[in-house]
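Below: the structure, in structure tokens.
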Amino acid sequence: MKLRVIFRAVRPFFSAIAVIATATALVAAIYITELGLQWITFLGGVLVAAILAEATRVSRLEWLATLRIAKLSAAKDKLERETQLRKRAEEAIAASKPRLHLIDEVLPIMVAFVDSEGQCQYHNRAFKDWLHLRPDQIRGQHIRKVLGSSVYQETATSVRQSLDGHHVHYERTQKMPDGAVYRLHVEHIPQFGDDGKVSGFFMLINDITSPGDLIKAGVDSNTLAQANDAAEIHALVHEGMTNQDTFVDSFSEQISGQTDVYTIKAAIEKGDFSLYCQLITPLAIDSGEAEHYEILVRLIEEEEGMMPPGAFFPLAEKHGLMPHLDRWVVQHVTEWAANQNAQDEKRKNSLFFINLSSATIGDPGFPEFLQLTLIEFGVPGAALCFEIPNSELSLRPAVVAEFAQKIRQCGCLVAISGFGHDRISFDLIRGFRVEFLKIDGSIIFNILRDPVELAKITAVNRVAKSIGVKTIAELVENEETIARLREVGIDFAQGFGISRPRPLAE
């Protein structure tokens with residue numbers, strides 16, 4: 001090992017030693033010996049070659065030294081810049097620590113960040129305390145594992161929309177292990193990277209449970225029972241409803257600048273809404289089935305980007321205006337259908353799917369209105385198919401069955417939307433006829449990666465076929481899902497993978 005080190009140390013001097021030795025031999029040959037001219041010329045050539053080789057080596061070493069000095073200078077400049085950037089970052093972090101502490105430790109709103117892979121990369125104390133989990137059970141874990149499979153299935157559609165870059169907000173109820181039921185307002189705020197792609201989304205969860213909600217859930221009823229009189233009970237309930245009323249009223253102010261119910265009703269009567277439609281296409285090739293369309297209602301301000309879609313529904317529900325809005329939709333769709341070319345073979349057998357609110361399903365006057373509207377515009381009832389939410393069917397099966405029978409007397413068809421979201425039960429539709437089952441998008445969303453969900457839709461489709469009901473897959477977003485649905489035998493598909501919503505007038 002020592003010899004190798006010594007050799008590396010003296011190796012650069014070999015060329016110089018060789019030049020000196022050659023020069024010494026040449027001088028000795030000239031002055032000491034009597035060599036001929038040929039030998040002197042040969043030794044002179046060797047000397048010149050040795051001198052040129054040494055000069056080349058020295059030049060190369062100088063070039064390498066210059067190159068390394070330049071690299072060291074560049075590295076020094078880069079290190080100085082990075083040091084400055086780090087110093088600025090440390091100053092920014094120090095300045096933001098009070099705000100971060102506020103969000104992490106003090107803010108009562110639950111906050112979490114979910115990356116594009118669905119993993120939770122950040123959470124505050126409120127989020128951790130609410131879920132009763134340790135930090136290691138949240139950070140780096142998939143949101144399905146953090147929230148639980150049942151809650152994730154309810155919110156899977158919203159998660160997917162957020163990762164597609166949409167700002168989403170909704171309300172849901174949460175039942176705790178002690179039996180208490182809480183009402184939550186959830187908001188998803190997408191975050192975009194420097195490349196413009198979605199890097200994840202912030203999930204903000206706010207507990208908006210009011211005493212009125214706790215009464216319905218059977219929670220804290222003893223406190224209300226201890227109230228001295230009816231006025232005190234009313235005050236307690238009214239106080240609990242304040243947050244929700246404020247939330248809903250804010251939408252009213254965005255629509256008309258007021259919170260007056262008559263002003264909002266006037267917006268419906270004046271037609272400050274626009275109808276959109278989304279294609280529902282048959283999956284089987286050369287099936288002969290017609291294409292259908294789901295009708296979507298949009299506030300005119302929504303089209304201008306002033307509101308997220310559907311933001312006016314809480315307002316309409318609060319003031320009992322959903323039956324008015326549903327009738328407005330039915331009237332305008334029927335009028336539009338009446339003005340279409342009857343010879344248009346492309347849409348001759350097409351159906352128009354119309355969603356109905358809970359209030360309309362319980363409205364005894366709606367079937368009569370529907371019959372008169374169809375007669376007025378000369379449109380057959382078979383052109384319309386009304387969607388009844390599966391949640392309504394589970395909560396009020398008798399009311400839904402009676403309503404479905406009445407609209408069928410008008411010639412209209414019936415579809416159950418969101419089928420399978422909560423639980424799958426075909427027993428609930430035994431009392432009336434249904435033409436379509438719209439399988440909930442949260443199930444369709446997972447069929448490519450969850451064999452349980454795939455098995456679920458396969459079983460639903462098999463049973464539906466046996467009782468003569470056609471199936472429609474909701475929230476279909478890509479060709480892989482379409483191909484898998486074809487393999488299963490699903491009849492129709494709807495979603496951005498098929499067609500985006502467009503104005504009905506088109």
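Listing for the model above:
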{"item": "Solvent-accessible heavy-atom area per residue, rounded to whole Å², over the range 373-506 at 1.4 Å", "result": "44 Å²"}
{"item": "Computed E for Thr173/Glu82 - FRET, C-beta separation, R0 45 angstrom, nearest 0.05", "result": "0.35"}
{"item": "Ranking by accessible area, most exposed first, for Leu384, Leu454 with a 1.4 Å probe", "result": "Leu454, Leu384"}
{"item": "Whether the range 445-506 is rounded, prolate or oblate, judged on the alpha carbon gyration tensor where a/c under 1.5 counts as rounded", "result": "oblate"}
{"item": "Solvent-accessible surface ranking, highest first, for Glu91, Glu291, Glu154 at 1.4 angstrom", "result": "Glu91, Glu154, Glu291"}
{"item": "Fraction of accessible area attributable to carbon and sulfur, the range 411-464 (%, probe 1.4 Å)", "result": "55 percent"}
{"item": "Residue-span extension gain [Ala505 to Arg68] - 0.36 nm each, minus C-alpha spacing", "result": "150.2 nm"}
{"item": "Solvent exposure, largest accessible area first (probe 1.4 Å, DNA, RNA and ligands not counted), of Trp328, Trp63, Trp130", "result": "Trp63, Trp130, Trp328"}
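The values are calculated or read from the model by the stated rules, or taken from the named source; none is laboratory data. These numbers were taken from a predicted model, which means no experiment stands behind them. Cβ coordinates were reconstructed from backbone atoms using ideal geometry, including for glycine residues, and neighbour counts include every protein chain displayed. What goes into the accessible areas is simple: the full protein's heavy atoms, side chains included, and nothing from ligands, DNA or RNA. Shrake-Rupley method; radii C 1.70, N 1.55, O 1.52, S 1.80 Å.
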